[in-house]
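A short worksheet on the structure shown next.
Readers should treat all values here as calculations from the given coordinates under stated rules, not as data from a laboratory. Since this is a predicted model, take the numbers as computed values, not measurements. Neighbour counts run over all protein chains shown; Cβ positions are idealised from the backbone, glycine included.
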Amino acid sequence: MNSDQTKIYFEKTFGYTDFIMKYVGVLLMTLMMISCGSSSNKFKDSFNPAYQARDAGGLNASVTGSACSINAAKAEDSAKKAASYHLRSLLGNQRYKTEYETVREYVEGEKRCFEIQARAKPI
C-alpha cells in the first residue's frame with residue numbers, strides 16, 4: 001500500500017466511523033427521550049381541580065381538596081393549598097380563619113395522595 005492508498009483507506013474508514021457514531025448518538029438520544037418521556041408522568045405532582053363544597057351560608061363552609069406527589073409532605077401541602085384556594089373562591093373577600101383536617105390519605109401507584117378539608121371559621 002502506498003501513501004495515497006493509505007490516505008484513502010483512512011479517510012473511508014474514519015468517514016464511515018464518524019457517520020456511524022453520529023447515527024448511534026442520534027439513536028441513543030431518541031431512545032432516551034422516549035423512555036424519559038413515558039416515565040416522567042409518575043414524577044409529576046398533580047391535584048384534582050374538582051372539589052367538594054359544603055356551604056350552609058355565611059362563613060359556615062367547608063371545601064375538600066386533593067393532591068398527589070411522590071413526596072408526601074409536598075402532596076399534603078398542595079392539597080391544603082388547593083382546598084384553601086377553593087374555599088377563598090367560595091367565600092370571596094370575607095374575613096375568616098381556616099382550619100384544616102386530613103380526610104383521606106392513600107397511595108396511587110408510587111405517589112402519596114391526600115384529601116384535605118378546609119373549614120372557614122369566623123375571626
>> Is it the case, given these coordinates, that SER84 is closer than 16 Å to ASP55 by Cα and among the polar types (S, T, N, Q)?
In response: yes
> Taking ARG119 and the conditions (1) within 24 Å of the chain's Cα centre (by Cα); (2) crowded, with 16+ Cβ neighbours inside 10 Å, which numbered condition does it fall short on, given that it satisfies the others?
Replying inline: (1)
>> Go through the stretch 87-112 and report how many residues are farther than 17 Å from GLN52 by Cβ and surrounded by 14 or more Cβ atoms within 10 Å (Cβ to Cβ).
In response: 3
